[in-house]
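Asks: I have a structure here, written as structure tokens, and I will follow up with some questions on it.
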Amino acid sequence: MRDQAPILEMRSITKTFPGVKALDDVTMTVARGEIHAICGENGAGKSTLMKVLSGVYPHGSYDGEIVYRGEEVQFKDIRSSEHAGIVIIHQELALIPELSVTENIFLGNEVKGSMGIDWHEARVKAKGLLDRVGLRIDPDSLIKNLGVGQQQLVEIARALSKDVDLLILDEPTAALNEHDSLLLLDLLRGLRERGLTCIIISHKLNEITAVADSITILRDGRTVETLDVGAGGVDEDRIIRGMVGRSLEARFPDHTPTIGETFFEVEGWTVEHPQLPGRLVAKGSSFFVRRGEIVGFAGIMGAGRTELARSLFGRSYGRWISGSIRINGKDVRIPTVQSAIENKIAYVPEDRKALGLNLLDDIQDTVVAADLKKIRTNGVLDATLAHSAAEGYRKSLRIKANTVREGVVKLSGGNQQKVLLGKWMFPEPDLLILDEPTRGIDVGAKYEIYGLVQRLADDGKGVVVISSELPELLGLCDRIYTIFEGRITGVVDRAEADQELLMRLMTGTGARTGVA
């Protein structure tokens with residue numbers, strides 16, 4: 001249902017922060033009724049451009065023009081852009097967990113009656129909006145009881161409640177499993193058929209090629225090109241060439257592992273849900289990790305991968321029921337996070353902003369936070385040692401920042417992930433557990449992180465990688481364990497692993513015995 005008349009033109013947009021030009025003469029045209037994708041490496045300016053469009057960065061804080069529906073617009077804030085029919089859904093969902101679906105949909109845009117808010121009418125309208133996005137739930141359901149995929153659909157329903165003409169989605173499938181991602185992409189196609197224009201930012205290039213009509217590529221704050229998907233010749237490799245300025249012949253660095261002896265063993269690990277007595281999130285899990293080995297964990301959303309990892313890391317999730325951990329052949333008790341660090345275990349969480357980083361800190365304070373003992377001199381924190389350590393990681397991890405005193409909140413997602421990796425490399429762990437280490441980052445940054453993981457293994461460390469992307473596990477790991485409903489159902493060596501086999505094991509249809 002595309003109309004060649006543009007709904008949006010962004011002309012020569014330039015946005016500067018102190019010491020950094022985030023956008024440099026960016027130009028983009030979006031046709032009415034199309035799905036227009038924006039691609040680029042972390043730090044390329046994608047989110048900044050959309051914040052300019054949606055009024056987060058108001059007119060006057062940037063140079064250039066925005067022409068919307070044939071007229072120049074000058075948005076002073078988000079409310080003014082929403083009034084014009086432009087709604088943005090950010091990567092970090094802005095729902096309030098303790099409120100209901102109805103309350104969240106109409107928050108700030110309440111349905112008014114003669115006696116204040118008309119809750120009956122609000123529920124009726126919420127039900128209609130939920131039906132429109134294909135979400136069959138009670139409008140009175142609390143947000144905290146919904147899955148991530150359902151919450152994403154509630155966000156879209158909220159956007160549709162505002163008479164949206166142009167919907168912007170920033171990494172809408174970053175936290176979704178494959179099934180929920182496909183449902184969301186189908187929803188976007190349906191919205192397009194009804195004439196809604198969508199702009200989508202995503203690092204999942206297979207999804208971009210599947211759903212987008214056109215693709216604008218940014219690099220280092222500049223427009224590189226716009227590709228017409230319908231004209232043909234647009235595939236993932238073509239997009240990557242535009243994003244990084246070169247071809248990536250392989251998505252993973254070449255690597256020949258040197259695997260040593262087993263040093264970390266888990267046996268019969270059983271953990272109960274923290275709020276639901278009797279519900280087990282880990283059921284008799286047993287596995288091992290060898291030095292120099294990269295071990296993957298695969299499972300569908302809710303299978304228990306993260307719950308297992310966090311419970312092992314100082315019992316930071318759930319209630320331990322039974323099971324043992326052996327390190328270098330000796331039974332150890334690890335009841336706290338501090339004891340996990342002392343036993344040379346590190347855990348990089350999947351939600352870097354909620355669980356991994358303090359966004360009020362700078363790079364330096366973040367990197368040294370997990371092991372302050374290393375930067376003490378005569379019992380006092382030594383600022384020189386802290387700066388030296390952080391600067392070393394800034395350079396070795398190629399964190400894009402002018403100084404280690406730059407705030408973490410100002411960094412792109414990929415650079416925030418590198419800071420988080422630096423934080424847990426600083427204590428020099430023997431076992432590093434990485435939970436969704438490349439979620440929401442671009443292919444170039446992924447390649448760098450894959451190389452880093454391989455170097456850690458080459459240094460004799462054991463690395464556990466939890467990922468929802470099966471190609472990532474197949475390309476990176478030496479062995480892959482599968483989990484279904486809290487139970488380990490199989491383990492596959494790299495040589496015999498493929499997506500079909502892993503999916504059978506992940507869904508409980510091909511469980512193997514003696515998996516550890």
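Asks: In the structure shown, do any of 423/446; 283/330; 373/461; 144/400 have a Cα-Cα gap over 25 Å, and if so which? Please list the in-between numbers first.
Replies: Numbers: 423/446 18 Å; 283/330 22 Å; 373/461 22 Å; 144/400 35 Å.
The pairs that break the limit, which is 25 Å between Cα atoms, are 144/400.
Asks: Also, quick follow-up: Show me the three semi-axes of the equivalent ellipsoid for segment 357-428, from the C-alpha gyration tensor (sqrt of 5 times each eigenvalue), largest first, rounded to whole Å.
Replies: Ellipsoid half-lengths, sorted descending, are 20, 11, 11 Å.
Asks: At 0.36 nm per residue, and after removing the present C-alpha to C-alpha distance, how many nm does the segment from residue 94 to residue 388 gain when stretched out fully?
Replies: Difference between extended and current length: 102.1 nm.
Asks: Run the quick spin-label model on residue 405 and residue 495: label points 7 Å from Cα toward the beta carbon, then report their separation in nm to one decimal.
Replies: So the label points at residue 405 and residue 495 sit 5.5 nm apart.
Asks: Order of 218-230, 496-508 by packing, highest average Cβ count within 10 Å first?
Replies: The densest-packed peptide leads the list: 218-230, 496-508.
Asks: If you don't mind, there's one more thing I want to ask. Can you compute the FRET efficiency between residue 29 and residue 186 using 1/(1 + (r/R0)^6), with r the Cβ-Cβ distance and R0 = 25 Å? Round to the nearest 0.05.
Replies: 0.45
Asks: Please work out the FRET efficiency for the pair residue 16 and residue 321, using the Cβ-Cβ distance as r and a Förster radius of 45 Å; give the result to the nearest 0.05. Mind dumping the intermediate values first?
Replies: On the way: r = 56 Å, r/R0 = 1.23.
That gives a FRET efficiency of 0.20.
Asks: Suppose R0 equals 30 Å. What FRET efficiency, 1/(1 + (r/R0)^6) with r the Cβ-Cβ distance, do residue 241 and residue 210 give to the nearest 0.05?
Replies: It comes to 0.95.
Asks: If you restrict to DSSP beta bridges whose two residues both lie in segment 431-508, what percentage is antiparallel, to the nearest 5?
Replies: Of all bridge pairs located within segment 431-508, approximately 55 percent are antiparallel.
Asks: Using a cut-off of under 16 Å, list every residue of segment 216-258 whose amide N is near the label point 7 Å from the Cα of residue 458 along the Cα-to-beta-carbon line.
Replies: 252-258
Asks: I've got another one for you. Using the alpha-carbon centroid of each, what span in Å lies between segment 49-65 and segment 360-425?
Replies: 31
Asks: What whole-number distance in Å separates the alpha-carbon centres of segment 455-498 and segment 218-245?
Replies: Cα centroid to Cα centroid, the span is 31 Å.
Asks: Additional query: Measuring with a 1.4 Å probe in the full set of protein chains, what accessible area per residue, in whole Å², belongs to the chain?
Replies: Heavy-atom accessible area per residue stands at 44 Å².
Asks: Give me the extension gain from residue 231 to residue 267: residue separation times 0.36 nm, minus the current Cα-Cα distance, reported in nm with one decimal.
Replies: Gain on stretching residue 231 to residue 267: 7.4 nm.
Asks: Please compute one quarter of the surface area of the Cα convex hull for segment 6-244 and express it in square nanometres.
Replies: The number I arrive at for segment 6-244 is 13.6 nm².
Asks: List, largest first, the extents of the alpha carbons of the chain along their principal axes, each in whole Å.
Replies: 71, 50, 50 Å, listed from the longest principal axis down.
Asks: Roughly how many nanometres apart are two label points built 7 Å out from the Cα toward the Cβ at residue 220 and residue 428?
Replies: Distance between the two pseudo-spin positions: 3.8 nm.
Asks: Between segment 173-217 and segment 249-281, how many Å separate their Cα centres?
Replies: One Cα centre to the other: 32 Å.
Asks: Here's another thing I want to ask about it. Just from its helices, what would the mean residue ellipticity at 222 nm be for the chain, if runs of 4 or more DSSP H residues each count -39500 (n - 2.57) and the sum is divided by every residue, rounded to the nearest 500 deg cm²/dmol? It would help to have the intermediate numbers written out before the result.
Replies: Values: 16 runs with 155 residues, N = 516.
Dividing the helical sum by the residues of the chain leaves -8500 deg cm²/dmol.
Asks: Next question, about the same structure. How high is the relative contact order of the chain, given as a whole-number percent (alpha carbon pairs under 8 Å, six or more residues apart)?
Replies: Working: 1056 pairs, mean separation 75.7, N = 516.
Once normalised by length, the contact order is 15 percent.
Asks: Right, here's the next one. Go through 410, 204, 125 and list them by solvent-accessible area, largest first, probe radius 1.4 Å. Don't skip to the answer; put the middle values down first.
Replies: Values: 410 155, 204 40, 125 95 Å².
My answer, sorted largest first, is 410, 125, 204.
Asks: Right, next: Give the peptides 438-450, 88-100, 262-274 in descending order of average Cβ contacts within 10 Å, highest first. Don't skip to the answer; put the middle values down first.
Replies: Working: 438-450: 21.0, 88-100: 15.4, 262-274: 18.2.
Packing order, densest peptide first, comes out as 438-450, 262-274, 88-100.
Asks: I would also like to ask the following. How far apart, in nanometres, would the label points at residue 163 and residue 115 be if each is projected 7 angstrom from Cα along the Cα-to-Cβ direction?
Replies: 2.8
The values are calculated or read from the model by the stated rules, or taken from the named source; none is laboratory data. The structure displayed is predicted, hence computed values, not measured ones. So basically every Cβ, Gly included, is an ideal-geometry build from the backbone, and we count neighbours across all protein chains shown. Keep in mind that these areas ignore ligands, DNA and RNA; they rest on the heavy atoms of the full protein, side chains included. Shrake-Rupley method; radii C 1.70, N 1.55, O 1.52, S 1.80 Å.
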